[in-house]
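Chemist: Below is one structure. I have some questions about it.
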Amino acid sequence: MIVCVAVVGHQNNPLYIQSFTEADDALKLHHIVHCSLDVVDERVNNPKKSGPTLNETFLGLLYPTENYKVYGYLTNTKVKFIMVTTDLDVRDADVRNFFRRFHAAYVDAVSNPFHVPGKKITSRTFAERVSTIVKSFGLNAAG
Amino acid sequence: MEEYPEELRTPPVALACLVGCPDFHALITGHLHSQQPPINTIALPDFSKISVISKAAKENPATGLGKPVGGILKRDWLSKHRTRVPAVVAALFTSDHVSGNPAQWLQVCTDLENLKATIQGRNIKLLVVVVTQSSSKDDTSEDRMISLRKRAELDSKNLIIFVPDDPLELKQSLNRLGTACAELANTYYRDEGRRVKARLERKNFGSIELNIRYCFKVAVYAEFRRDWLEALKMYEEAYHALREVVGISTRLPPIQCLVEIKRIAEQLHFKMSTLLLHGGKVVEAITWFRRHINYYRRLNGAPEVIFLHWEWLSRQHLVFAQLLETCSATVQNVPTTVTVPADKLTEWELYPPYYYQLSAHYLKEKNSCLEFAISMSEDVGGIYGSVESVVASVYIGQFARLLEHEGTYTMQALTDDEYARYTLAEGKRFQDSFEIIALLKRSFEAYNNLKASRMASYCGVQMAREYFVMAEFSNAKQIFENIASLYRQEGWLTLLWEVLGYLRECSRGISSVKDFIEYSLEMAAMPITSNAVAPYFRDCGPAGPASLSQREKIHKEAFGVVTGESGTALSENNGLKVNGDCPLYLEIDLVSPLRVVLLASVAFHEQIVKPGARTMITISLQSQLPLNVEIDQLEVQFNQSECNFIITSDRKPHLAAISHVHPGRRVETAPTLELLTNKWLRLTYDVKPDQSGKLECIYVIARIGPNFTICCRAESPASMNDLPLWKFEDITETIPTKDPGLAFSGQKAIQVEESEPQVDLKLGPSGPALVGECFILPVTVASKGHAIHSGELKINLVDTKGGGLLSPREVEPFLADNLHVELVGISGQECADHSEANFDNIQKIQPSFGLISVPFLNVGDSWSCKLKIKWNRPKPIMVYVSLGYHPHSSESSSQKVHVHKSLQIEGKTAVTISHNYMLPFRRDSLLLSNFKANRDSDHTPTLPFNETSILIISVKNCSEVPLMLLSMSLEVEGDNSCTIQPQEEEFREPVLHVPEVVFRKVFAVIPKGNCSTLKMGTVSLKWQRDSGVGEDFHSCPTTSQVTKHRLSDVNVELPPLVVSLKCPPHAIVGNPFTYSVTIQNQTELLQEIKYSLDDSPSFVSSGPHNDMTFVLPKSEHVLSYMLVPLGLGSQQLPKVTVTSVRYNAGFQPSTTSSTVFIFPSKPRFQVSDVGETRPESITE
């Protein structure tokens, strides 16, 4: 189950962060997302470690922590997507698929002429769409 | 890791035992220990003590097969093998005893037999050492030795002769002993390992527990042999076997069973990790660790002792982090070893801080569970009483009650309930907060070293929370402050909210009002607009969930404190007081996070203003606080303090607030000074600057209530940064001023001009200056409206091309006169009213700079001086003259007024002098060198020796002004080897020399000396400006200048032949005249001359026409012709060609020299005596 997704801007500032959990750990999830930015920086600055994945937007598993796994994605415009899941066995293909759909939703949201680049995404449509994608991720994994 | 027993933490070391001859034990022990690999020793002084290594009475495991096993591993098995059960026993006998009397020999034999009997049960290897002195080495009986060896059943290499008193032999003996010991120990451990392994292979064990135990034993024996691969394999096998026990073992009650299994797993895993990491297999070790954790994490155990599980997990991570740290110190290239499962391992898993952090996390989990369990158990009843005398049992991971019964101790198994109470009681004894902080600190530091600042911050937050819980507010505050800056910078609102919430409470805890207010205001001004309290934001720090209502609450609380209005118990109790005794003063600068609380943008409406004129200024204030703020008084401060003014609110008279005010300050009133959220409060006033220079608004100070002041640094709207945090928000941006142009270009500073100077500064005419002369430039200062007090005149000479007054090539310091132009002096300070009273004669003159003080001038007076500028080379320059003065007598109060003037002056060369030589008219000398000179291009002129030559000096006026030439002279260098006429000439009256005209002067030169080269010397021309031309030069005394020109050297040579033509200057048509050519031979040789005459249609000629003749030495020959002119006007004479055969040189008179003018009849003019006149000056 995905518990948190985030869009992070150029100055490592959150543009959109939403947790999908009933437990009271939203703050902790924010911390986890924030910490994962270190890994993104590390991967982006030392790309030789991920030699074959050069030019790839999907950054893979960023780091496992107590009960979560954090995945990352970096768009060509250097906007970061972070996803936190509680599933221990996640197929890479599922995550890639999730990020692709998430990216599409993001592109649509920022294509809104009233959206100012670099500002937080406040679109309700975007939030609904993300929520759908997150839910369907759970279904796919189950199925 | 420290809590593990020593024998587990360090690799096992083989053990040997020494018996007998205690004198040498220290020596041998030292040697064995220093061997590689080392061997530890037990030293027994004599054979009576050997029972310590004998096998304890124990039933054969084979016989006990049916009996259930008590546990998996015995607690003391490892330490027993490391400290008590030797692999080798070395029996030491002296040679005296061996080869001594039969009683002694018998004693030796008995000891040996006893020893053998003792060690047999354990298969311990035997080594016999015979100690002998080097002198009595050969005395030892050979038979006895053989007999001894046989008795001991030894190979000959295991019977060692030990010679202690000879250094060389001692060394050899020790080496032999060491080798034998090592070999035997190796054999022993191998045999033991094989023995146990054989049981494993035969599946000769009754239970899985024994299987694990055997695997463990084989692994340890392999470690003794340093066979790491085998050891690792067997540990892995044991680890796998252990998993089979999980859930099926019923030997112990379930809680204790799981505890034991985890304990064993921990130990096995520790061994494996150590072996892997020291073998450099970091990735494998990490993969193993991950599997280990993933498997056992699920085995939580019973809920009442779940804290044991967390503790265990925490310990796993801690130990692994420590192992990783110690081995990464030795194995440097950790990241490069990432090979196979790179996609499975992420960056931080390779570094210890990741594990430290998790360890701290689990420890924290344990703490909370433990607290819960304790509180539960206290409800149930006392946990004491039943936990006494519980000790660790003989098996690892088990506990038992020790019962004393009539002097003997027996172990009694515990029930799970008893065990749980025991662990609770144990848990209560330890305080883990410090441990958590220590772990987090390590992680924090390590992450910082890895430049992972966000990870470090998270660790920092956790660490600071612990400090906060422990009420160590200053520690917590310090850490939180550092972290807050990162979150501020990156705009993570929820995280910042939490941290600021803690900081607020910390400030309250340490009674720091200023910090409390600052953090409160910052929180209140944070861009959190949602009001929905999300249910999942429960665990969100002391500030509560981030929401608009919470912001408002914090806002109210903060303002309650600063105004002192709210007498809430909260502020009273904690010493958070703001009153007359301790007023609060906040300063907000350009980088302060409090800019969101109050932002002051100040813009002048103009960029430049005249002093004394009014200009408009707009002060715009903005606040992001959630509630409106009423400001009582605003003070605007400038760098020119007399412009400062105060704005008070019209709504209520705040006399109390005004009491701060400097008397005499301007006070304005505004209808309202209320700040609305995210709305600009714009106030426009005028200011009247009096002083010239920069007028800058520095601070806008807001006073709220009598004791609260916010001093906000003014910002220019043109260069205003975005608001921190708010810049990421999707809100409409407003501009600080109504006029958008001003919002984009407005500045908080304005330039105040100088007051208009009312003084004229005049520079004299800019006629071109001439090189060499002292150019005089008059400067006039005339006061029109201002009196001049302490005026100063500055003069600067600057190259018009921007450079200095030197050309780059000439900037050598040793050249004294390398300046092209220099200011020589300033003269003629004529004060109009001659009041020299307060005239300090400051005068500073440097080549390109001059400073002179101007005396006091009243309105209407004038003063002038003259600048003397000298040009050494032609160069155009700019003369900058600036006058600075005070219009009023009191210098300090008034500002200096400056007047600037500049003038470009061209420096020009006045005259150029050139010269050339000519031979006399119609007289030519044959100069042989001229023929040669034609070939090479050496243009040194050649003059005939002892003949008159003509030197023409041409002087050209290059300047734009007429000059007077005064005299010209020729100074010959050296001896007078030539005659020059005239030597020097003062012109009878100065020759007026207008521009662009060439003046020529003719000198006759007769070389006399017989040297081939003649130095001609220098021409000196004395001239001066023509003062007669109505220019205003009467004031400057015209001084004459001398221009010099050096004449080039000439060659002098004796001409062998001189040809001169003779004919009258004019003729009359039809009248015959004589035309003769004289050939003068100046040599001592006979000269053969060919000559010919060309016919000319204008003349009828008679005379030799075409012939050859000889000219005798030192004599001359005259060719004489009679000519009758036929044509009129200027006619060419018939051309005579003379050729010297000897020199192969021909002579033809030039066209000018062979021209004669033919008159139709005799002209009427008189010809004066030519011989008498001196050479004339001709002006063209």
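Chemist: Could you check the stretch B:399-420 and list, in sequence order, the residues that are assigned to a helix (DSSP H, G or I) and either open to solvent by 80 Å² or more (accessible area, probe 1.4 Å) or touching a His at 6+ places or on another chain (Cβ under 9 Å) (or both)?
Modeler: Within the stretch B:399-420, B:ASP417 is the sole residue that qualifies.
Chemist: Hey, among B:LEU450, B:LEU440, which residue is out of contact with any Gly (no Cβ under 8 Å at 6 or more places or on another chain) and within 14 Å of chain A (Cβ to nearest Cβ)?
Modeler: After applying the criteria, what remains is B:LEU450.
Chemist: Let me confirm something: among B:HIS269, B:HIS292, B:HIS278, B:HIS240, which residue is out of contact with any strand residue (DSSP E or B) (no Cβ under 8 Å at 6 or more places or on another chain) and assigned by TED's automatic domain parsing to the domain that holds B:ARG75? Outline the logic, then answer.
Modeler: Details: B:HIS269 fails: assigned by TED's automatic domain parsing to the domain that holds B:ARG75; B:HIS292 fails: assigned by TED's automatic domain parsing to the domain that holds B:ARG75; B:HIS278 fails: assigned by TED's automatic domain parsing to the domain that holds B:ARG75.
The conditions single out B:HIS240.
Chemist: Could you count how many residues in the stretch B:258-286 are more than 50 Å from the chain's Cα centre (by Cα) and open to solvent by 10 Å² or more (accessible area, probe 1.4 Å)?
Modeler: Residues flagged as more than 50 Å from the chain's Cα centre (by Cα) and open to solvent by 10 Å² or more (accessible area, probe 1.4 Å) within the stretch B:258-286 amount to 5.
Chemist: Residues B:GLN133, B:GLN120: which one is closer than 18 Å to B:LEU18 by Cα and loosely packed, with under 15 Cβ neighbours inside 10 Å?
Modeler: When all the criteria are applied, what remains is B:GLN120.
Chemist: Right, here's the next one. Quick check on the stretch A:7-18: of everything there that is within 18 Å of A:VAL95 (Cβ to Cβ) and buried (at least 24 other Cβ atoms within 10 Å of the Cβ), which residue is nearest to the other protein chains (Cβ to nearest Cβ)?
Modeler: If we take residues in the stretch A:7-18 being within 18 Å of A:VAL95 (Cβ to Cβ) and buried (at least 24 other Cβ atoms within 10 Å of the Cβ), then A:VAL8 is nearest to the other protein chains (Cβ to nearest Cβ).
Chemist: So, one more: Would you confirm whether or not the stretch B:428-438 contains a residue that is of a type in the set (A, V, I, L, M, F, W, C) and closer than 19 Å to A:LYS28 by Cα?
Modeler: yes
Chemist: Continuing with this model, one more query. Looking at the stretch B:294-315, which of the residues that are within 14 Å of another protein chain (Cβ to nearest Cβ), open to solvent by 10 Å² or more (accessible area, probe 1.4 Å) and outside any loop (DSSP other than H, G, I, E, B) is nearest to B:VAL245 (Cα to Cα)?
Modeler: B:TYR295
Chemist: In the list A:LYS78, A:LYS69, which residue meets the criterion of being open to solvent by 20 Å² or more (accessible area, probe 1.4 Å), at pLDDT 80 or above and within 10 Å of chain B (Cβ to nearest Cβ)? Step through it out loud before you land on a result.
Modeler: On the way: A:LYS78 fails: within 10 Å of chain B (Cβ to nearest Cβ).
After applying the criteria, what remains is A:LYS69.
Chemist: Scan B:MET1108, B:MET1122 and give me the residue that is more than 20 Å from B:LEU927 (Cβ to Cβ), touching a Lys or Arg at 6+ places or on another chain (Cβ under 6 Å) and free of Cβ contacts under 8 Å to residues at least 60 places away in the same chain.
Modeler: B:MET1108
Chemist: Restricting attention to the stretch B:709-754, report how many residues are under 12 Å from B:THR618 (Cα atoms), acidic (Asp, Glu) and open to solvent by 60 Å² or more (accessible area, probe 1.4 Å).
Modeler: 1
Chemist: Looking only at residues that are out of contact with any strand residue (DSSP E or B) (no Cβ under 7 Å at 6 or more places or on another chain) and among the hydroxyl-bearing types (Ser, Thr, Tyr) in the stretch B:886-907, which one is modelled with the highest pLDDT? Lay out the reasoning, then the answer.
Modeler: Looking only at the stretch B:886-907, we keep the residues that are out of contact with any strand residue (DSSP E or B) (no Cβ under 7 Å at 6 or more places or on another chain), and these are B:890, B:892-893, B:895.
From what is left, the residues that are among the hydroxyl-bearing types (Ser, Thr, Tyr) are B:890, B:892-893.
Values: B:SER890: 65, B:SER892: 57, B:SER893: 57.
Here the answer is B:SER890.
Chemist: Taking B:GLU244 and the conditions (1) over 22 Å from B:TYR4 (Cβ atoms); (2) buried (at least 17 other Cβ atoms within 10 Å of the Cβ), which numbered condition does it fall short on, given that it satisfies the others?
Modeler: (2)
Chemist: How many residues are within 23 Å of B:PRO527 (Cβ to Cβ), of a type in the set (Phe, Trp, Tyr) and in a strand (DSSP E or B) when one looks only at the stretch B:685-744?
Modeler: The qualifying residues number 0.
Chemist: Select from the stretch B:664-677 the residues that are open to solvent by 40 Å² or more (accessible area, probe 1.4 Å) and over 9 Å from B:ARG651 (Cα atoms) and list them in ascending order.
Modeler: Those that are open to solvent by 40 Å² or more (accessible area, probe 1.4 Å) and over 9 Å from B:ARG651 (Cα atoms): B:GLY664, B:ARG665, B:ARG666, B:VAL667, B:GLU668, B:THR669, B:GLU674, B:LEU676, B:THR677.
Chemist: Follow-up question, since we're still on this one. Name, by its number, the condition in (1) open to solvent by less than 50 Å² (accessible area, probe 1.4 Å); (2) touching a residue at least 60 places away in the same chain (Cβ under 8 Å) that does not hold for B:HIS1066.
Modeler: (1)
Chemist: If you go through the stretch B:247-257, how many residues are more than 17 Å from B:LEU313 (Cβ to Cβ), open to solvent by less than 70 Å² (accessible area, probe 1.4 Å) and β-branched (Val, Ile, Thr)? Give the derivation first.
Modeler: We begin by selecting, within the stretch B:247-257, every residue more than 17 Å from B:LEU313 (Cβ to Cβ); these are B:247-254, B:256-257.
Now drop any that are not open to solvent by less than 70 Å² (accessible area, probe 1.4 Å), which leaves B:249, B:251-253, B:256-257.
Checking which are β-branched (Val, Ile, Thr) leaves us with none.
Qualifying residue count, the stretch B:247-257: 0.
Chemist: Also, quick follow-up: Does the stretch B:646-677 hold any residues that are modelled with pLDDT under 65 and of a type in the set (D, E, K, R), and which are they?
Modeler: Across the stretch B:646-677, the qualifying residue is only B:LYS652.
Chemist: If a residue has to be more than 13 Å from A:ALA6 (Cα to Cα), within 14 Å of chain B (Cβ to nearest Cβ) and not charged (D, E, K, R) to count, how many in the stretch A:91-121 make the cut?
Modeler: So the count comes out to 11.
Chemist: Which one of these does B:VAL1167 not meet: (1) modelled with pLDDT under 85; (2) open to solvent by less than 70 Å² (accessible area, probe 1.4 Å)?
Modeler: Going through (1) modelled with pLDDT under 85; (2) open to solvent by less than 70 Å² (accessible area, probe 1.4 Å) one by one, B:VAL1167 breaks only (2).
Chemist: State whether one or more residues within the stretch B:1047-1061 are among the polar types (S, T, N, Q), more than 60 Å from the chain's Cα centre (by Cα), at pLDDT below 85 and within 27 Å of B:LYS1008 (Cβ to Cβ). Break it down stepwise before answering.
Modeler: Kept after step one, since they are among the polar types (S, T, N, Q), are these residues of the stretch B:1047-1061: B:1048, B:1051, B:1060.
Okay, now just the ones that are also more than 60 Å from the chain's Cα centre (by Cα), so B:1048, B:1051, B:1060.
Checking the rest, the ones that are also at pLDDT below 85 come to B:1048, B:1051.
So of that shortlist, the ones also within 27 Å of B:LYS1008 (Cβ to Cβ) come out as B:1048, B:1051.
Within the stretch B:1047-1061, one or more residues are among the polar types (S, T, N, Q), more than 60 Å from the chain's Cα centre (by Cα), at pLDDT below 85 and within 27 Å of B:LYS1008 (Cβ to Cβ).
Chemist: Inside the stretch B:107-125, can you point out the residues that are without any contact (Cβ under 8 Å) to a residue 40 or more places away in the chain and in contact with a helix residue (DSSP H, G or I) (Cβ under 8 Å, 6 or more places away or on another chain)?
Modeler: Residues satisfying the conditions are B:GLN107, B:GLU113, B:LYS116.
Chemist: When you check B:GLY501 against the structure, is it within 21 Å of B:TYR355 (Cα to Cα) and more than 9 Å from chain A (Cβ to nearest Cβ), yes or no?
Modeler: no
Chemist: Please go through the stretch B:1146-1163 and give me each residue that is over 18 Å from B:ARG922 (Cβ atoms) and of a type outside the set (Phe, Trp, Tyr), ordered by number. Talk me through it step by step, then tell me what you get.
Modeler: Taking the stretch B:1146-1163 and keeping what is over 18 Å from B:ARG922 (Cβ atoms), we get B:1159-1163.
Hits for the stretch B:1146-1163 are B:PRO1160, B:SER1161, B:LYS1162, B:PRO1163.
Chemist: More than 14 Å from chain A (Cβ to nearest Cβ) and modelled with pLDDT of 70 or more: which single residue out of B:LEU363, B:LEU345, B:LEU350, B:LEU403 fits that description?
Modeler: B:LEU403
Chemist: Let me ask something else. So which pairs qualify, if the first residue must be in the stretch B:1139-1163 and closer than 26 Å to B:PHE1110 by Cβ, the second must be of a type in the set (Asp, Glu) and open to solvent by less than 80 Å² (accessible area, probe 1.4 Å), the Cβ gap must be under 8 Å, and the two must be at least 6 apart or on different chains?
Modeler: Cβ pairs passing all conditions: B:SER1140/B:GLU1088; B:VAL1141/B:GLU1088; B:ARG1142/B:GLU1088; B:PHE1147/B:ASP924; B:PRO1149/B:ASP924.
The values are calculated or read from the model by the stated rules, or taken from the named source; none is laboratory data. Remember, it's a predicted structure, so these values are computed and weren't measured experimentally. Cβ coordinates were reconstructed from backbone atoms using ideal geometry, including for glycine residues, and neighbour counts include every protein chain displayed. Remember, those area values only see protein heavy atoms, side chains included, never the ligands or the DNA or RNA. Shrake-Rupley method; radii C 1.70, N 1.55, O 1.52, S 1.80 Å.
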